[in-house]
Amino acid sequence: MQLRCISSWPLSVLALIGRHDMIANTNELFDTDALVASNQAHETALNAASASTEPKSIAELCEQVLEHSSTETEAWEQSSKAQEFSAVAFNRDLRLEEVERLLNMRAPTFTAIALDESSDPDDPNGPRLQFLTHLAQRVLALPLSQALLRYSSQQLKPQSSLPIIYPKVAAHFRGHKTDISWTAGETEMSWPLFHSGVAAALSVERDQLRNVHSSWVLLNWPNEPDDSNDDDGSAAREFDAAMASHAGFLLGMGLLSVDKGDSSESSASKQNAGRGPLCNMPPWQAFKYLSKRHGLTSIALLLGCACAHRGTMNSSVSKILSLHIPNLLPPGSSELMLLSYGTQASALLGLGLLYMQSRNRRMVEVMLHELEIIQGEARDSSNRLENSDPAESTAECYSLSAGFALGLVALGCGQSTQSLADLRLLDALSALVSESHGMDSTSMRSRTTASTANRDKAQQEAVLNGLADMDISADSEMVSDLGAIASIGLVFLGTNYTLAAQRLSLPKSIPHLRVSDPFVVMWKLLMQSLIMLENVQPTLEWIESSIPVACAQNPITNNNNELPSDLFRIRLYAVSAACFAIALKYAGSENASAHAAILHHFDVLALAAAKPSLSYESSLTKAAAQSCLDIMCISASLVMAGSGDISTVKRLRSLHGATGSRLYGNHMASHMALGLLFIGGGAQFTISNSISSIALLTIAFFPRFPQHYSDNNEHLQAWRHLWALCVVPRCLVVRDVSTGKMCKDAVVLLEGNEAVSPLPFPLLEGTSTIKVNAPGYMPLKLNIAANSYARELLRRRRVLYLQPVHKMQQQNLATLSQYKEWLADTLRSVDQLCEQLAQSWHSAEPVSKTTSAIQSVQRLRIYVRISRSSSLLPNACDSSALAQLANNGNWAESTYLTWLAVRKHVLGLGQLDQCRRLLTRYWTGSSNHQPELKNSSEADEAQNFHTLIALLYATLDLPSPADAMAIAKQVPIAHLVNYVFNC
């Protein structure tokens, strides 16, 4: 029966015959976690009952004490090692352990530097403080990589708060017996602590947040300090640190609260709001957070709510976000808000996420207006708020957020939307992009007419003037160009609209190009590539073709050293833009050609960044190469996300130890690249390359990384975590439906191709049937061509469940002969149970083995329904299964005859007066108010009573007590009892 059943049978039938795997593969509402928890509890009880009572040795007791005394940090660091994906994918080497060592936030760093005891430990030029300062740049960038590495890998404990691990900067110098820690002093540490909170929140398994109430967020609220006992201010500093990390926790909850499956699914399904703590947060709770006027908390709550309701256009969230944009408020109210530019930028980007791909005209007008008014203004925040506010940013960041938000609202619409046609978005945005970036024609003409004799001097002046243009200060309009360029690229993303790409063309003349900001050149080339996404090819030839002609390498000598320094720097940025475009298009695809092309230029840039700087020009080139190398780190890891590619790991590991020449942002890029390679512990997740994911990845991995811990001048550090909205399962996995564990030797057959689980998720467009076979499990055949819901469920979950064979053997239903033996055992057990019940009414002895007999009767009743009705098998399904069963020894007749015999035994028991009285007692409800049982005989009598009622309801069609009492109003209860046992 179990081997020949099909998934179209009723769920109750499949459940009673023990085929929970078919239910789980075709029904999303089936609670596999509850089934796993029930089986685990049963195994735990059995293990506890069979545990040895012998005293433990001293060694065993010591090991037990060490296990219980382990810190939370150690438990967090060891969690990813327990991941089944990691154990299967990386069982042949120690690459995962090496990456965990590199990204450890708490372990001290061992150095060969020897300290002079006579030197001053507080000397800023001393070796101790210099090394610790450089080390802090690396360690404080680690929380962003931990968010990637620990993504969705921890069990949630709703009854307790979520522990947050802070980074610790400590070094062990040669000759010293103790570790020396680095103290922050006056250094602003809010953002590293913020990233630690995000990492802790993202480590929670995302499926477990579906039913978490919003009140659990308040459980993690830090305790406010007592000012009366805080003389030295330490409690206030600890509270500030806790508030910063709690703000990151809020953002992480919002990133995980999205419950829409893959980001590429249809827009109709995106209208359903997600489930999670921030999805149903009441207004009073949001007001409690916002009323604190804590900058980081406001940024996290606004951005987190927008992420949780991404694409839903939720009116409540829209009102909260609009309150934090001064230009959307009534006149005179913006001065009362005194909002930081970081908060305003987050609210503006949050509106873009909330209305993502909605093409809402009102939101497009708002974003376009913000871009226009910011271009001519150089708003300085120093006169409004204290510079010490970590949430403070600049007008450049606000301008970039407006560009991103506009691009998200009209993402990929191009010229196809009639409701936005009269806005002429392409013309309006192109007007904001200046070709010369603030340089007038007179100054350009003076450079181009320099004489040959003074060419060197003219080149030096051009370089200096170009550097002045590259300086993005509060009075510059250049960043406004970045926002407009970003909006053009996102609005026309993937449309291959040539006219839009031409609006982002580079200066035609070489003098104009030489004084252009290389980063703006890179940003334009990147957006051009995203617009013409179909033309992006993962080859070295395409990369070379995308570079400006003036910066192309000599095809004869194949040498870049012939280029002037300024053009060579532009070439480096152009190559980085092309590689980043390839990485976005092939994100998570593990495309070998794309990866090889990126690694080729990765090595070239690594050599350029490692060259010593002997002059001012060489130092500029070295800095440009280092910035481009950060982009290459992200690009190489994006293509191989989740794969743990060893060649990429080797290159990134070589950048880890260079602490002297690398800043906070450089370490951030290389650490996030390592986290991308092993996202979620490795092999379990990857990054989506859908249109919406490409846009979000462009924001998250904005190619200019911060220079110090609180640098938010152009790009808010909170946006670095938007990659979490692009994570999708990487592999098709086969799991045991009863334990949830991975079936490592399962063979999946897809259209004649066999593969061992886990395997990279295949395309399901041309697949009609999936077959799975594994030793120790029942074979599974899933027809996804006839069941579109099962296909969609498999595409989102990427999990197939198998039923273990031992369950089938326990039910004795493997073959027809075993089935007939089970029928005989069922009849025999029912006969014995009826005899024991009849004898217990005279001797008051307990009845044994009641549960198995009643369960067998329940299964037999289902089998009778199957044997007597063919309507359970739809015509669209394979009806050969029932025909084959019918030809196999007339199993239906044996089933029905056994059922008649079982009913005969139970009806015979019902002829006894004691049985009738007990049934009447149950219907009237007098058994629901029994006194406390004082001895074992009374307990045995109660057990026998419940056994009888269960047997009667399993065999006969009895009404419920409420229905029976309703019938008793019309006829005497004794007549109803006689009717039940005499029909």
* Asked: Taking the stated definitions as given, is CYS633 open to solvent by less than 10 Å² (accessible area, probe 1.4 Å), in contact (Cβ under 8 Å) with a residue 12 or more places away in the chain and over 26 Å from the mean Cα position of the chain (by Cα)?
  -> no
* Asked: What residue, among those in segment 501-510 that are buried (at least 19 other Cβ atoms within 10 Å of the Cβ) and of a type outside the set (D, E, K, R), is farthest from ILE531 (Cα to Cα)?
  -> PRO507
* To do: Specify the residue that is least open to solvent (accessible area, probe 1.4 Å); the eligible residues are those in segment 564-609 that are polar (S, T, N, Q) and in a helix (DSSP H, G or I).
  => SER576
* Asked: Cβ-Cβ below 7 Å, separation at least six or inter-chain, first residue in segment 894-906 and touching a residue at least 40 places away in the same chain (Cβ under 8 Å) and more than 14 Å from TRP822 (Cα to Cα), second surrounded by fewer than 17 Cβ atoms within 10 Å (Cβ to Cβ) and among the aliphatic types (A, V, I, L, M): which pairs?
  -> VAL906/LEU956
* So, in segment 204-220, of the ones that are part of a loop (DSSP other than H, G, I, E, B) and in contact with a Ser or Thr (Cβ under 6 Å, 6 or more places away or on another chain), which residue ends up most open to solvent (accessible area, probe 1.4 Å)? -> GLU205
* Asked: Is it the case that some residue within segment 526-535 is assigned to a helix (DSSP H, G or I), hydroxyl-bearing (Ser, Thr, Tyr), within 20 Å of ILE691 (Cβ to Cβ) and modelled with pLDDT of 95 or more?
  -> yes
* **segment 514-532 residues that are closer than 15 Å to SER565 by Cα, paired with ones that are acidic (Asp, Glu) (beta carbon under 8 Å, 6 or more apart)** => ARG514/ASP566; VAL515/ASP469; VAL515/ASP566; SER516/ASP469; ASP517/ASP469
* Asked: Within segment 208-235, which residues are more than 24 Å from GLN154 (Cα to Cα) and at pLDDT below 80?
  -> PRO225, ASP226, ASP227, SER228, ASN229, ASP230, ASP231, ASP232, GLY233, SER234
* Structure fact -> Taking segment 760-786 and keeping only residues that are at pLDDT 75 or above and open to solvent by less than 60 Å² (accessible area, probe 1.4 Å), one is left with SER768, THR769, ILE770, VAL772, ALA774, GLY776, TYR777, MET778, LEU780, LEU782, ILE784
* Every pair of residues 6+ apart whose Cβ atoms lie under 9 Å, when the first sits in segment 595-613 and is within 12 Å of LEU629 (Cβ to Cβ) and of a type in the set (Asp, Glu) while the second is surrounded by 19 or more Cβ atoms within 10 Å (Cβ to Cβ) and at pLDDT 90 or above -> ASP603/ARG651
* Structure fact -> Conditions (1) of a type in the set (A, V, I, L, M, F, W, C); (2) assigned to a helix (DSSP H, G or I); (3) modelled with pLDDT of 90 or more -> TRP284 fails only (3)
* To do: Would you mind stating whether LEU408 is within 34 Å of the chain's Cα centre (by Cα), farther than 30 Å from THR187 by Cα and modelled with pLDDT under 90?
  => no
* Looking at this structure, is THR394 open to solvent by 10 Å² or more (accessible area, probe 1.4 Å), β-branched (Val, Ile, Thr) and modelled with pLDDT of 80 or more? -> yes
* To do: Check whether at least one residue in segment 188-202 is surrounded by 16 or more Cβ atoms within 10 Å (Cβ to Cβ) and hydroxyl-bearing (Ser, Thr, Tyr), and report yes or no.
  => yes
* Asked: With respect to ILE488, is the statement that it is modelled with pLDDT under 85 and either under 39 Å from the mean Cα position of the chain (by Cα) or in a helix (DSSP H, G or I) (or both) true?
  -> no
* To do: Can you tell me which residue among ALA462, ALA468, ALA458 is among the small types (Gly, Ala, Ser), open to solvent by 60 Å² or more (accessible area, probe 1.4 Å) and modelled with pLDDT under 90?
  => ALA468
* Asked: Being modelled with pLDDT under 70 and either open to solvent by 20 Å² or more (accessible area, probe 1.4 Å) or not in a loop (DSSP other than H, G, I, E, B) (or both), is that true of even one residue in segment 243-258?
  -> yes
* If you go through segment 938-949 one residue at a time, how many are open to solvent by 40 Å² or more (accessible area, probe 1.4 Å) and within 51 Å of the chain's Cα centre (by Cα)? -> 2
* To do: Tally the residues that are closer than 20 Å to ARG795 by Cα and either part of a loop (DSSP other than H, G, I, E, B) or open to solvent by 30 Å² or more (accessible area, probe 1.4 Å) (or both), restricting the search to segment 700-740.
  => 4
* Asked: Does segment 742-759 contain any residue that is open to solvent by less than 10 Å² (accessible area, probe 1.4 Å), out of contact with any Phe, Trp or Tyr (no Cβ under 8 Å at 6 or more places or on another chain) and not hydrophobic (A, V, I, L, M, F, W, C)?
  -> yes
* Given ALA87, ALA114, which one is touching a Lys or Arg at 6+ places or on another chain (Cβ under 7 Å), farther than 22 Å from SER670 by Cβ and at pLDDT below 80? -> ALA114
* Within segment 299-329, track down each residue that is in contact (Cβ under 8 Å) with a residue 12 or more places away in the chain and among the basic types (Lys, Arg). => ARG310
* Run SER161 past the list (1) in contact (Cβ under 8 Å) with a residue 40 or more places away in the chain; (2) open to solvent by 60 Å² or more (accessible area, probe 1.4 Å); (3) part of a helix (DSSP H, G or I); (4) among the polar types (S, T, N, Q) and report the number of the one that doesn't hold. => (3)
* To do: Filter segment 292-334 down to residues that are among the small types (Gly, Ala, Ser), open to solvent by less than 50 Å² (accessible area, probe 1.4 Å) and part of a helix (DSSP H, G or I), then give me how many there are.
  => 9
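The values are calculated or read from the model by the stated rules, or taken from the named source; none is laboratory data. All figures in this text were calculated on a predicted structure; none of them were measured in a lab. Here the Cβ is made from the backbone with ideal geometry for all residues, glycine too, and neighbour counts use every protein chain on show. Each accessible area value is taken on the protein alone, full model and side chains, heavy atoms only, with ligands, DNA and RNA left out. Shrake-Rupley method; radii C 1.70, N 1.55, O 1.52, S 1.80 Å.
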